[in-house]
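The values are calculated or read from the model by the stated rules, or taken from the named source; none is laboratory data. Since this is a predicted model, take the numbers as computed values, not measurements. Reconstructed Cβ throughout: ideal geometry from the backbone, glycine too, with neighbour counts over all protein chains shown. What goes into the accessible areas is simple: the full protein's heavy atoms, side chains included, and nothing from ligands, DNA or RNA. Shrake-Rupley method; radii C 1.70, N 1.55, O 1.52, S 1.80 Å.
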Amino acid sequence: MKPTAEQAAIEDAGADLKPGEILKVLAFAGAGKTSTLKLVAKRKPERGVYLVFNTQNAEEARKKLALTNCSASTTHSLAFGAMREYIGSPANHSPSTVRESGVMDRFSIPKVAGWNQYRLAMAVLRAVRAFSSSADEEFGHHHGVEAIISAVGDPGRIRNREVREAAREAVERLSGVTYQAAEAFWLEMTSQGSFSHDMYLKYIDLDANLRGQAFSMFRYLMVDEAQDLNPVQRSIILKTSLPVIAVGDPYQQIYSWRGAENALGLMEGKELYLTQSFRFGEDLAEIARGILASRPDGGPEQRLTGAGSGDITRHVGARLAFVCRTNAGVIDQALSLVRKGKTPYVDNMDGLVRDVRSAQALFDGRLRDVKSPDLVQFTSWDEMQMEAEEGDANLARLVGIVEDNIVPQIEELASNRVKDPAKAEVAVCTAHRSKGMEWPAVVLGDDWKDIGAMRGRHRGAKKKSEKDVTLALEEWNALYVGATRAMVRLRGHERILNPPKPEFDRDAGPDGGQLEEGGNWVPEDRLIEQEMREKRRRAQEAREAAAAGAEMEMQSSRNWSKEDDISKFL
């Protein structure tokens, strides 16, 4: 297929990159980024490497780049290759490892209510992880703060006064000794050649010779999902001084909660775009544009267009996927399908079962059996309930699953589910797990908040911190990711994008109006006028979308039989 003008421009720019130069490619969902990078790789005679998110992505990329001099790998894999002779197998450090190392005995640790040796040792590991994922050259107090906050929550975000003050005390009194113990543990473990996955990656960031060994075979880098790199990955890539082609979509950034950052916005270099999606047609592109346009920042200046053929004959696996916002939503949807007599493929079922079993273990008082990373911070069922009551919907659902005795049903689901996604009729997953995947039809789960609720969270976030604002905007990013997994049909977006407007409260103020975000009063007659104007705009958009998508619908209908109708799953 002949490259588009956008692809040809990227091919030319990538082929001419010099050492230390960076080309940033901002690619919308389904816009053919791998095909475009393959064009660049074919043009470059020297050897390069395509850095991807995980091992499965690397295997798939190697097949696509087979006839080029570009291989594919993860950053961890390259780092481990350089460190192999020093570390053998990666270590799995636990709180017991910290206590047995003796490093905590070197410090005077303040007594703080609710903090025992186990919990302190876990905080030390979190501080090591915080340093390892950073671009910092040495340990600092902020790594201890991050470790304690990850255990007790951010005092600035906790509403309950008693819980907030306990968290503040823990941060103030334990952060310093936590980062100092973490640094001591780092030195003790590295001197013994005991490196976790996070630690050996950080080590090649700190050691120029080892970093040189890791990248010695390559003369340029191509980086996938650059919007979700963490600081240490960005640091390593820039320190190589190799030509870099960084590809990603800032509107698909959904991992800041675990330390990822939009490296595309932090790297300096020429920007080019891939705006034409080959996954779906103009009808679905219109919905995706609506999601992006509803963002508080207005979304991208570039316009996403749909160029998909609607041909699903080559698709392997489930033709329908329910994409949910949370793990708890996945569980609810999967159980609903089972009750309808359908056996789904449930993505990350092992992780879901781990969360449920850990919640049950907390309820039973079996703390040693709590294995979920999201629940290990709790030392009792009461603590988890308290956090759920603070507004964490995912924890609230887990509490309900345990208290309503649904755990046995989930265990049964885990035993009887379809284990091979290629043989499934229907799949269920979260938006985070859906990245890089596609299905002919997608239904957005019932656990997605609507645009009104998302905007409310964003308004509240602006009063807190930049991090809170980023997390609030990622609700739109996750929704955009989930919706753009669809190739032909999408359902469930209507409720999210068009929530019912609240009725006017005539006692709320003068003229029965409402307050704007900026604090100005809008009279009721103006509100009604705005609502009518908005209705006319949506009606016009609907007519335009119907006209633009008519031809696509005719094409897709030829590839979609009655047996594929998604209504039987709803």
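With contacts taken as Cα pairs under 8 Å at a separation of at least 6 residues, region 268-335 carries a relative contact order of 34 percent. Note on the chain: Cα convex hull, mean projected area over all directions, 28.6 nm². In this structure region 241-283 gives 38 Å² per residue of accessible area when probed at 1.4 Å with all protein chains present.
In the structure shown, the pairs K64/K371; K42/K270; K38/K462; K239/K462; K38/K202 are assessed against 32 Å; a Cα-Cα span above that value is assigned to K64/K371; K38/K462; K239/K462. Largest first and in whole Å, the equivalent-ellipsoid semi-axes of region 94-234 read 31, 20, 10, each the square root of five times a Cα gyration tensor eigenvalue. The alpha-carbon atoms of region 115-189 define a convex hull whose volume equals 80 cubic angstrom per residue. Computed in the context of the full set of protein chains, the accessible area of region 427-485 at 1.4 Å probe radius has 47% of its extent on carbon or sulfur. With contacts taken as Cα pairs under 8 Å at a separation of at least 6 residues, region 379-497 carries a relative contact order of 29 percent. Among the trypsin sites (Lys or Arg not before Pro) in region 240-305, those placed in a DSSP loop whose Cβ has at most 15 other Cβ atoms within 10 Å are R303.
Judged by the mean number of other Cβ atoms found within 10 Å, the most tightly packed of the peptides 397-407, 476-486 leads the ranking 476-486, 397-407.
Hey, rough spin-label estimate for K111 and E162, points 7 angstrom out along Cα→Cβ, what's it come to in nanometres? According to this spin-label approximation, the distance is 2.1 nm. Relative to the Cα centre, the charge distribution of region 312-497, modelled as +1 at Lys and Arg Cβ and -1 at Asp and Glu Cβ, gives a dipole magnitude of about 920 debye. For region 115-189, the carbon plus sulfur part of the accessible surface works out to 45%, probe radius 1.4 Å.
The fraction of all Cα pairs in region 150-191 landing in successive 5 Å bins from 0 to the largest distance is 5, 23, 22, 16, 12, 10, 7, 4, 1, given as whole percents. Under the combined filter of DSSP loop state and at most 10 neighbouring Cβ atoms within 10 Å, region 215-309 retains these GluC sites (Glu not before Pro): E268, E301.
Length, then width, then depth: along the principal axes, the Cα atoms of region 1-143 run 68, 31, 28 Å.
For region 312-497, the solvent-accessible area with a 1.4 angstrom probe is 45 square angstrom per residue.
Once Rg and the Kirkwood radius are both taken over the C-alpha atoms of region 312-497, their ratio Rg/Rh works out to 0.99.
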